[in-house]
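The values are calculated or read from the model by the stated rules, or taken from the named source; none is laboratory data. These numbers come from a predicted model, not from an experiment. FYI the Cβ positions are ideal-geometry reconstructions off the backbone, even for glycines, and counts take in every protein chain you see.
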Amino acid sequence: MKNLTLLVLAAGMGSRYGGLKQIDPVGPQGETIIDYSVFDAQRAGFNKLVFVIRRDIEPAFREIVGSRFEKKIDVEYVFQELNKLPAGFTPPPGRTKPWGTGQAILMAADVIPGPFAAINADDFYGASSFRVLADQLRTEPDDFAMVGFTLRNTLSEFGSVSRGVCRTNAQEFLESVTELVAIEKDGRGAKYKDEQGNLHPLTGDETVSMNLWGFNPALFDHLRRQFIAFLQSHGQREKSEFYIPGVVNDLVAAKQARVKVLRSPDSWFGVTNREDRPLVVESIRKLIAHGVYPEKLWS
């Protein structure tokens, strides 16, 4: 069986949530969303776990999260830091945050030898999502992949969200991802604001990326080149972000990669805003009641 790595992006600041949402318990035995993602990934055949975290949260993260897994699966930690840049680059004055999901994934280049999935720490993707992605990584290792969700099923009741809206061809390969911010529910559909503050409608049926990606190590060379180009053009902007959808867009446009868009019947949910947490707790309780998860996840 091909070795598969789960890369968990857990270095987020949690500014909208108001705390370290990566270590906030949502399960009946104190489980975090990460617990359920790792549980589902292991069942799908992933056998290595890499966390991308910040050094300042390392002690709490290792104690509350990492220690749950270290006897169950091979675990490594890498660090996303503001100052971890290619030679010749320095952060602009006033910048405090690292450089986004593209940089986060690049930090793991030295510890991932084969196909891998990259996920957000604070998103619940569901067991089927990991199964279809694992199957794709085993059977088509030369292609990249993304698990897509229906926009309507990914919106928060308590505030706006950012989503990557996807366009695919007839063979379900990705043609583009457009990152939209300030998306809110609007009846059965949604709406978002552009950079000028203008509102635009969305149907709610759009396929969106929730940062559940499948890659192989060829990605890292692309990331290195694109990160340097990004820093040259945007590196002195205080709030610029090096997003992985932008990297993928460029690779697809240049025909340097193919990205298969996979579908999962599972519902996504997450904790973008603190008010989302009770809904996550209730959703997990229902899944336990239906036998999807045991009451004690790691018993």
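Scanning the range 230-279 for residues that are out of contact with any strand residue (DSSP E or B) (no Cβ under 9 Å at 6 or more places or on another chain) and farther than 29 Å from LYS84 by Cα yields a total of 6.
Residues of the range 281-299 that are over 23 Å from the mean Cα position of the chain (by Cα) and free of Cβ contacts under 8 Å to residues at least 40 places away in the same chain: LYS286, ALA289, HIS290, GLY291, PRO294, SER299.
In this entry, PHE227 is excluded by the filter for residues that are closer than 25 Å to SER160 by Cα, crowded, with 16+ Cβ neighbours inside 10 Å and touching a Leu at 6+ places or on another chain (Cβ under 8 Å). Scanning the range 186-212 for residues that are under 12 Å from PHE149 (Cβ atoms) and among the hydrophobic types (A, V, I, L, M, F, W, C) yields a total of 3.
The residue that is surrounded by the fewest Cβ atoms within 10 Å (Cβ to Cβ), counting only those in the range 180-220 that are in a loop (DSSP other than H, G, I, E, B) and modelled with pLDDT of 95 or more, is THR203.
Could you go through the range 128-142 and let me know if any residue there is of a type in the set (Lys, Arg), surrounded by fewer than 18 Cβ atoms within 10 Å (Cβ to Cβ) and not in a strand (DSSP E or B).
From the range 128-142, those of a type in the set (Lys, Arg) are 131, 138; that's our starting set.
Applying the additional criterion that residues be surrounded by fewer than 18 Cβ atoms within 10 Å (Cβ to Cβ) yields 138.
If we keep only those that are not in a strand (DSSP E or B) too, we end up with 138.
Yes, the range 128-142 contains a residue that is of a type in the set (Lys, Arg), surrounded by fewer than 18 Cβ atoms within 10 Å (Cβ to Cβ) and not in a strand (DSSP E or B).
Here is the figure for the range 63-84: residues that are closer than 15 Å to ALA11 by Cβ, at pLDDT 90 or above and surrounded by 12 or more Cβ atoms within 10 Å (Cβ to Cβ) total 8.
Residues of the range 239-258 that are more than 15 Å from the chain's Cα centre (by Cα) and either of a type in the set (Lys, Arg) or within 20 Å of LEU180 (Cα to Cα) (or both): LYS239, SER240, ASN249, ASP250, LEU251, VAL252, ALA253, LYS255, ARG258.
Yes or no, residue by residue, for (1) under 22 Å from GLY45 (Cβ atoms); (2) not aliphatic (A, V, I, L, M):
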| residue | (1), (2) |
| --- | --- |
| PRO92 | no, yes |
| ILE105 | yes, no |
| PRO113 | yes, yes |
| ALA118 | yes, no |
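Scanning the range 252-289 for residues that are among the aliphatic types (A, V, I, L, M) and loosely packed, with under 13 Cβ neighbours inside 10 Å yields a total of 3. With respect to the conditions (1) of a type outside the set (Ser, Thr, Tyr); (2) without any contact (Cβ under 8 Å) to a residue 60 or more places away in the chain; (3) part of a loop (DSSP other than H, G, I, E, B), PRO92 lacks only one, and its number is (2). Only a single item in (1) surrounded by fewer than 13 Cβ atoms within 10 Å (Cβ to Cβ); (2) more than 17 Å from ARG225 (Cβ to Cβ); (3) among the small types (Gly, Ala, Ser) is not met by GLY88, and it is number (2). ILE105 meets all of the listed conditions (1) at pLDDT 95 or above; (2) within 23 Å of ASP221 (Cβ to Cβ); (3) surrounded by fewer than 23 Cβ atoms within 10 Å (Cβ to Cβ) but one, namely (3). Taking the conditions (1) without any contact (Cβ under 8 Å) to a residue 60 or more places away in the chain; (2) outside any strand (DSSP E or B); (3) of a type in the set (S, T, N, Q) in turn, SER162 satisfies each one other than (2).
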